Every structure is written in C-alpha cells, then in structure tokens.
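Single-structure report; data block below.
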Amino acid sequence: MASSVEYRLKIAQGFLDESCQDVALDRWRSAVDNAQLAVENAAKSVLALVAPVGRTHNPASLLRQALQDDQFPATCKDQVQRVAECAEMLGFDVHVQTDYGDEFEGLTPWELFDEEDAREALAIAEEAVDLAQAIAETILGEESGDE
C-alpha cells in the first residue's frame, strides 16, 4: 500500500511542478491541465491509503464514500474532506475542457483558460498535494507505530 501512495504522490508532485513552470511561461491551459492532474493524483494517493485505486478521473466521489464508510482516522477526516473538495473543483469537467475545449461554444482549450484560472488552479493543486502528503505521513506513521 505504501508504495502505491508514494508513487501517486510523486506523480502529483511532478504535475504540480509542471503547472508551476507553465504559469511562469504564461501557458495558462497547460497550467490548468497539469494542476488538474496534480489534484487528481493527490486524491488518488489518499485513496490508496485505504483501498486499491482503479482508473478514474473522479476520485472525489470515492474519497467521499471512504469518508462516509469511516475508513480514515478522525485526525485526518477534515483534511481528506478538503482534498475531495479540491478534486471536485478541478475534476473531470476541467480535465475534458483542458484537452478538448468547449465544442458547443466552439472554444478551444486555449481560449477557455486565462492567467487567473491558471493561478487559481495552481493554488488548489498546491493545497491538495500538501494535504495529501500530510495525510500520508499521518496514516503511514500511525501504521508503522502499530507494528
């Protein structure tokens, strides 16, 4: 389980790093896309703490279900809730828009996102990755203390 968590955290950090680089280069669509993937993988790393993670672009609903099923320690529930919120804010709809745009309105992905969107997405991603790392440290630390 720990290796899956660490793997997802590394992926989340990599996409977060790329989102930071994209903002610095004024690549707004790419920054939002990478921020979305950072949040998605941060959420999946939290899910991996309690169950195997399948292929999904919507980990928020799975996190909420795990919370409802009381799978997380009380000390982490608020943090897990916040990761789920971040995953909803930068969820599947954003993933689709960054790749395909808005076909109904005839807007390309580059027309949909501006600097404000990119900076907001980056801030959400930074929060989600930080929270996921803290949750993992807490839970994996508790597990190693149990042995």
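The values are calculated or read from the model by the stated rules, or taken from the named source; none is laboratory data. Because the structure is a prediction, the values reported are computed rather than measured. Backbone-built Cβ (ideal geometry, glycine too); neighbour counts: all protein chains shown.
If the condition is being over 18 Å from Gly91 (Cα atoms) and among the hydrophobic types (A, V, I, L, M, F, W, C), then the stretch 1-34 contributes Met1, Ala2, Val5, Cys20, Val23, Ala24, Leu25. When the residues of the stretch 113-137 are filtered to those that are surrounded by fewer than 18 Cβ atoms within 10 Å (Cβ to Cβ) and aliphatic (A, V, I, L, M), the one that is nearest to the chain's Cα centre (by Cα) is Ala123. Only one entry of Phe72, Phe15 meets the criterion of being at pLDDT 95 or above and more than 17 Å from the chain's Cα centre (by Cα), and that entry is Phe72.
Taking the listed residues Gln21, Gln13, Gln79, Gln65, the one that is within 18 Å of Ala136 (Cβ to Cβ), free of Cβ contacts under 8 Å to residues at least 60 places away in the same chain, polar (S, T, N, Q) and out of contact with any Gly (no Cβ under 9 Å at 6 or more places or on another chain) is Gln79, with no other qualifying.
Consider the stretch 78-107 and keep the residues that are small (Gly, Ala, Ser) and buried (at least 18 other Cβ atoms within 10 Å of the Cβ). The one that is nearest to Glu126 (Cα to Cα) is Ala87. Scanning the stretch 24-58 for residues that are of a type in the set (A, V, I, L, M, F, W, C), assigned to a loop (DSSP other than H, G, I, E, B) and touching a residue at least 24 places away in the same chain (Cβ under 8 Å) gives Ala48, Leu49, Val53.
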